[in-house]
Amino acid sequence: LRVQDRMVGAFSIVDQMNAHLETLKDALTFAVLPNARKPVARELAGAATLAAWQALDVGAIERAWRHYELGKQAAKEADDVLYLAHAMGEQAFVLADAGRPQLAVELVREAQRVGGSRMSERLRAWLASAEAELSALAGNADEARRALEIASSAMPGTEEARDPELASIFLNTDHFRRWEGHTLVLLGDDDAMAAGYAVLDTMDPTFVRARAGLHCDLAQAHLIRGEYSETAQQVREAKLLANRTGSVRYRRRINQLGQTLR
C-alpha cells in the first residue's frame, strides 16, 4: 500500500486502505492478551498514519486528524514511542495546512520530547526536518535553520529508504536533501536550487508524488530569481506528476505558482 501510494496516489487505493484499517481495528478489538494486542496495535498505528497522510494529501483535513488520533492511540496501546512520536510529528502538518503553523511547531517539538532518547537516528532526523519546515512556514527563519542543523547531524548516511525500526518512515540521503532543499526554498535561500537539481538527477522515480513536490520547489526557486521561463517549465512538470497521483495539496501549490506567473 505504501508503494502504491507514492506511485499512484491516495485516490487509487482509498478502498483498499479503508479495508486494511478496518481489518486491523477488528483484529485489535478481539485480541485478548498483551502479547497478541501489541503487534496488532503497532501495525494499526502505521496504517492509520498512512491513511492520515493520504487524507491530508487529498485535502480531507478533518479525516486526516481523526486518523492521526487513531494512530496515536494504537501506538500507546503498543507501548511504542517511535510510532507515537512519528504520528504526532505528521499530525503537526494537519495544523499547518489548517493555517496554524506555530501550533504545528509546538506539536512537533512535543513529539521530539515524547520520543526522547529512544528514537532511532532516522526518526530524530525526520522530526527535526519537520520542525525546520514548519518553523519556516511560521516565519521563524533562525529556528528553521537551527532545526536543519540538528537534522543534518542526526541523519545517518544511508541509501536505504526504509527505517528498520519504524516502517512508517522513508528517509535516505536523497529524501533528506530534497526535504532540506524544500525548507531552504521556503526560506528563500539561494542554495535551494542547486540542491534541488542535484536530487532530481538521483531520486528514485517511484516516488512520483515527492517528485512533483521537488518540481514545485524548483519552480519557486526560479520564481524568486525572476526566471519566469524556467519557472513555467517546472510548473508544467509538477502538474503532470500531481495529476498522476491526484494530489490536492500539490495541485493547490501549483495553482498558486501559476497565478504568480500570470
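The values are calculated or read from the model by the stated rules, or taken from the named source; none is laboratory data. What you are looking at is a predicted structure, and each value in this text was computed from that prediction instead of being measured. Note that each Cβ is placed from the backbone with ideal geometry, even for glycine, and that neighbours are counted across all protein chains shown. Calculation scope for accessible area: heavy atoms of the full protein, side chains included, ligands and nucleic acids excluded. Shrake-Rupley method; radii C 1.70, N 1.55, O 1.52, S 1.80 Å.
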Problem set entry | Among (1) part of a helix (DSSP H, G or I); (2) under 19 Å from Ala132 (Cα atoms), the one test that Ile169 misses | (1)
Exercise. Out of Glu149, Glu131, Glu143, which single residue is buried (at least 21 other Cβ atoms within 10 Å of the Cβ) and part of a helix (DSSP H, G or I)?
Worked result: Glu131
Problem set entry | Flag for Arg209 being open to solvent by 50 Å² or more (accessible area, probe 1.4 Å), assigned to a helix (DSSP H, G or I) and closer than 30 Å to Leu44 by Cβ | no
Problem set entry | Cβ-Cβ under 6 Å pairs, at least 6 apart or on other chains, segment 138-159 side under 24 Å from Phe170 (Cα atoms) and small (Gly, Ala, Ser), far side at pLDDT 95 or above and open to solvent by 60 Å² or more (accessible area, probe 1.4 Å) | Ala154/Arg124
Exercise. Between a first residue in segment 23-39 that is under 14 Å from Lys76 (Cα atoms) and a second residue that is surrounded by 14 or more Cβ atoms within 10 Å (Cβ to Cβ) and aromatic (Phe, Trp, Tyr), which pairs have beta carbons less than 9 Å apart while being 6 or more apart in sequence or on different chains?
Worked result: none
Exercise. Do we have any residue at all in segment 177-197 that's open to solvent by less than 20 Å² (accessible area, probe 1.4 Å) and touching a residue at least 40 places away in the same chain (Cβ under 8 Å)?
Worked result: yes
Problem set entry | Filtered residues of segment 45-70 (kept if of a type in the set (Asp, Glu) and crowded, with 19+ Cβ neighbours inside 10 Å) | Asp57
For this session: Go over the candidates Glu90, Glu106 one by one and state the one that is part of a helix (DSSP H, G or I), surrounded by 20 or more Cβ atoms within 10 Å (Cβ to Cβ) and among the acidic types (Asp, Glu).
Result: Glu90
Exercise. Which of the following residues is open to solvent by 60 Å² or more (accessible area, probe 1.4 Å) and under 22 Å from the mean Cα position of the chain (by Cα): Arg42, Arg2?
Worked result: Arg42
Exercise. On the given criteria, is Gly59 on the phi > 0 side of the Ramachandran plot, in contact (Cβ under 8 Å) with a residue 12 or more places away in the chain and under 19 Å from the mean Cα position of the chain (by Cα)?
Worked result: yes
Seminar exercise, completed: Across segment 62-86, the tally of residues that are free of Cβ contacts under 8 Å to residues at least 60 places away in the same chain, within 22 Å of Arg118 (Cα to Cα) and within 16 Å of the chain's Cα centre (by Cα) stands at 4
Problem set entry | Residue list for segment 48-84, restricted to those being aliphatic (A, V, I, L, M) and in contact with a strand residue (DSSP E or B) (Cβ under 9 Å, 6 or more places away or on another chain) | Leu50, Leu82
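So which residues in segment 214-262 are part of a loop (DSSP other than H, G, I, E, B) and in contact (Cβ under 8 Å) with a residue 60 or more places away in the chain, if there are any at all?
Of everything in segment 214-262, those that are part of a loop (DSSP other than H, G, I, E, B) and in contact (Cβ under 8 Å) with a residue 60 or more places away in the chain turn out to be Gly246, Ser247.
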